[in-house]
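Chemist: Pasting a structure here, questions to come.
The values are calculated or read from the model by the stated rules, or taken from the named source; none is laboratory data. As the structure is a prediction and not an experimental result, all values here were calculated from the model. No Cβ is skipped: glycine too gets one built from the backbone with ideal geometry, and neighbour counts run over all protein chains shown. Note: accessible area is taken over every heavy atom of the protein model, side chains too, but ligands, DNA and RNA are not part of it. Shrake-Rupley method; radii C 1.70, N 1.55, O 1.52, S 1.80 Å.
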Amino acid sequence: MNLHEYQGKEILNSFGVRIQRGKVANSPAEAVEAAKKLTEETGTGWHVIKAQVHAGGRGKGGGVKLAKNLQEVEKIAGDILGMHLVTPQTSAEGKLVHQILVAEDVYYPGDSEPEEYYMSVLLNRGTGRNMIMYSTEGGMDIEEVAEKTPHLIYTEEVDPAAGLLPFQARRIAFNLGLSGTAFKEMTKFVTALYKAYSDSDSSLFEINPVLKTSDDKILAVDAKVSLDDNALYRHKDYAAMRDTREENPVEVEAKEVGLNYVDLDGNVGCMVNGAGLAMATMDLIKQAGGEPANFLDVGGTADAERVETAFKLILKDPNVKAILVNIFGGIVRCDRVAQGIVDAYKNMGTINVPIIVRLQGTNADIAKELIDNSGLDVQSAIQFQEAADKVQKVLADL
């Protein structure tokens, strides 16, 4: 589950991580009031107006701007709110901005120049350990840094039994070239950041940039946070932060009815039971010359109602030109699945795309007879290759 910047900062702040303070606003008038209160609380004279959407690169799309007075706060807020923000991480349509964050200016003059760093905490799947990735090249796309100057990216792996040790936090501060007060501040920042990541059951904490201010404070100017959905039952307060407006509406609908659905860009819809079989089915579609339009796992219960719901979800995608149903009957009997498909088809009326059904396992032969004798425009298959051939033929005829 992805969070907005202001929500990620709330979590960071709760664990003692210093953040760039700000207030959320839903209208230009609220933005002005937020700016006034922020000035009273922090003394900031300028304000940074940030679009709150689930996408990086907001500044490149015009979603982050500096306001030097209240009139500019109101105008910039009015410009950003309601815009479709297009960034390198959004579609061509962009994301509609519903909220903005009015934040304090932290790039004030002082005894030293402000410095920006990159830092993230995530799981290294290769080693099974959490990892802190960091760089002196903050404020830039980390992909660009990795491509052009990979030697400027450092990593620190954390033993899950011992946790982050003090010498590791100090090594990070040293590699970033810090000393004195800034060095001590960075070690505290890193330690608190790792605790926030671990205790919140997150899958990613990305801070870009981490800022050393002109008076040697270390703080998070941005916060990109992804929480592990599987652990949300332990964090009811975090679960309440979900903003479904930022998510694919079909995926949200599927989640509400207990289906595992991920929208993709292809032309062949998939309905499968089991994640492993779903991945193999997507490979099958690509080998047949198509592209999977979705990942949809109906799980172990494939009755008529569930199958009908799955069909409706798949058909909401106008790019779907064919549907492949690939079910392995182990716990669930293939004949019951076949009857569910027939009933769902009849309940829905006309389905204007070809459907290929491959049922294998318990009572697969009975299931094939049910499909073949249904009188419906549904093609049955038993073998994987047979299903692949039928998908290929259907796509060739389009």
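Chemist: From Leu123, Leu164, which residue is in contact with a Phe, Trp or Tyr (Cβ under 6 Å, 6 or more places away or on another chain) and open to solvent by 20 Å² or more (accessible area, probe 1.4 Å)? First the steps, then the outcome.
Modeler: Numbers: Leu123 fails: in contact with a Phe, Trp or Tyr (Cβ under 6 Å, 6 or more places away or on another chain).
One residue alone meets the criteria, Leu164.
Chemist: Let me ask something else about it. When residues of the stretch 311-353 are filtered for being within 24 Å of Gly276 (Cα to Cα) and assigned to a loop (DSSP other than H, G, I, E, B), how many remain?
Modeler: Number satisfying all stated conditions: 7.
Chemist: Can you tell me which of Val24, Val102 is under 27 Å from the mean Cα position of the chain (by Cα), open to solvent by 20 Å² or more (accessible area, probe 1.4 Å) and either at pLDDT 95 or above or under 21 Å from Glu246 (Cβ atoms) (or both)? Explain how you work it out, then say what you get.
Modeler: On the way: Val102 fails: open to solvent by 20 Å² or more (accessible area, probe 1.4 Å).
Going through Val24, Val102 in turn, the sole match is Val24.
Chemist: Within the stretch 220-258, restricting attention to residues that are touching a Ser or Thr at 6+ places or on another chain (Cβ under 7 Å) and of a type in the set (A, V, I, L, M), which residue is nearest to Ser203 (Cα to Cα)?
Modeler: Among them, the one singled out is Leu227.
Chemist: I've got another one for you. Does at least one position in the stretch 76-88 carry a residue that is open to solvent by 50 Å² or more (accessible area, probe 1.4 Å), assigned to a helix (DSSP H, G or I) and aliphatic (A, V, I, L, M)? Working first, answer last.
Modeler: Initial filter on the stretch 76-88 (open to solvent by 50 Å² or more (accessible area, probe 1.4 Å)): 79, 84, 86, 88.
With the extra rule that they be assigned to a helix (DSSP H, G or I), the set shrinks to 79.
Subset that is aliphatic (A, V, I, L, M): none.
No - not one qualifying residue is present in the stretch 76-88.
Chemist: Anything in the stretch 143-173 that is more than 23 Å from Phe15 (Cα to Cα) and either in a helix (DSSP H, G or I) or in contact with a helix residue (DSSP H, G or I) (Cβ under 8 Å, 6 or more places away or on another chain) (or both)? List them, or say none.
Modeler: Start the filter on the stretch 143-173 by keeping residues that are more than 23 Å from Phe15 (Cα to Cα), which leaves 143-154.
Correct list: Glu143, Glu144, Val145, Ala146, Glu147, Lys148, Pro150, His151, Leu152, Ile153, Tyr154.
Chemist: Hey, among Glu386, Glu305, Glu369, which residue is in a helix (DSSP H, G or I), of a type outside the set (Val, Ile, Thr) and open to solvent by less than 80 Å² (accessible area, probe 1.4 Å)? Spell out how you get there, then give the answer.
Modeler: Working: Glu305 fails: open to solvent by less than 80 Å² (accessible area, probe 1.4 Å); Glu369 fails: open to solvent by less than 80 Å² (accessible area, probe 1.4 Å).
Glu386 is the lone residue from the list that is in a helix (DSSP H, G or I), of a type outside the set (Val, Ile, Thr) and open to solvent by less than 80 Å² (accessible area, probe 1.4 Å).
Chemist: Every residue in the stretch 50-75 that is under 23 Å from the mean Cα position of the chain (by Cα), surrounded by 16 or more Cβ atoms within 10 Å (Cβ to Cβ) and in contact (Cβ under 8 Å) with a residue 40 or more places away in the chain, please. Give the steps one after another, and end with the answer.
Modeler: Step one: filter the stretch 50-75 for residues under 23 Å from the mean Cα position of the chain (by Cα), giving 50-64.
Remaining after also requiring surrounded by 16 or more Cβ atoms within 10 Å (Cβ to Cβ): 50-56, 58, 61, 63-64.
Across the stretch 50-75, the qualifying residues are Lys50, Ala51, Gln52, Val53, His54, Ala55, Gly56.
Chemist: So, one more: Quick test of your reading of the structure: Leu359 fulfils all but one of (1) surrounded by fewer than 17 Cβ atoms within 10 Å (Cβ to Cβ); (2) without any contact (Cβ under 8 Å) to a residue 40 or more places away in the chain. Name the failing condition by number.
Modeler: Failing condition for Leu359: (1).
Chemist: Report, ordered by the first and then the second residue, all pairs with beta carbons closer than 9 Å, sequence separation of six or more or different chains, a first member in the stretch 148-168 that is more than 14 Å from Ser120 (Cα to Cα), and a second member that is among the basic types (Lys, Arg) and loosely packed, with under 15 Cβ neighbours inside 10 Å.
Modeler: Asp159/Arg129; Pro160/Arg129
Chemist: Mind telling me which of the residues Val325, Val353, Val337 ends up being among the β-branched types (Val, Ile, Thr), under 19 Å from Leu296 (Cα atoms) and surrounded by fewer than 21 Cβ atoms within 10 Å (Cβ to Cβ)?
Modeler: Values: Val325 fails: surrounded by fewer than 21 Cβ atoms within 10 Å (Cβ to Cβ); Val337 fails: surrounded by fewer than 21 Cβ atoms within 10 Å (Cβ to Cβ).
From the options Val325, Val353, Val337, the qualifying one is Val353.
Chemist: Taking His47 as the residue in question, decide whether it is surrounded by 16 or more Cβ atoms within 10 Å (Cβ to Cβ), closer than 17 Å to Leu219 by Cα and not β-branched (Val, Ile, Thr).
Modeler: Numbers: surrounded by 16 or more Cβ atoms within 10 Å (Cβ to Cβ): yes; closer than 17 Å to Leu219 by Cα: yes; not β-branched (Val, Ile, Thr): yes.
It is true that His47 is surrounded by 16 or more Cβ atoms within 10 Å (Cβ to Cβ), closer than 17 Å to Leu219 by Cα and not β-branched (Val, Ile, Thr).
Chemist: Please count how many residues of the stretch 137-149 are under 22 Å from Val64 (Cα atoms) and either open to solvent by 70 Å² or more (accessible area, probe 1.4 Å) or over 19 Å from the mean Cα position of the chain (by Cα) (or both).
Modeler: Of all residues in the stretch 137-149, those under 22 Å from Val64 (Cα atoms) come to 137-145.
Filter again for either open to solvent by 70 Å² or more (accessible area, probe 1.4 Å) or over 19 Å from the mean Cα position of the chain (by Cα) (or both), leaving 137-140, 143-145.
Adding up the residues that qualify gives 7.
Chemist: At least 2 residues that are open to solvent by less than 40 Å² (accessible area, probe 1.4 Å) and under 27 Å from Ile11 (Cα atoms) in each: list the helices (runs of 4 or more DSSP H) lying fully within the stretch 181-289 that qualify.
Modeler: Details: elements: 236-239, 249-256, 275-287.
Correct list: 236-239.
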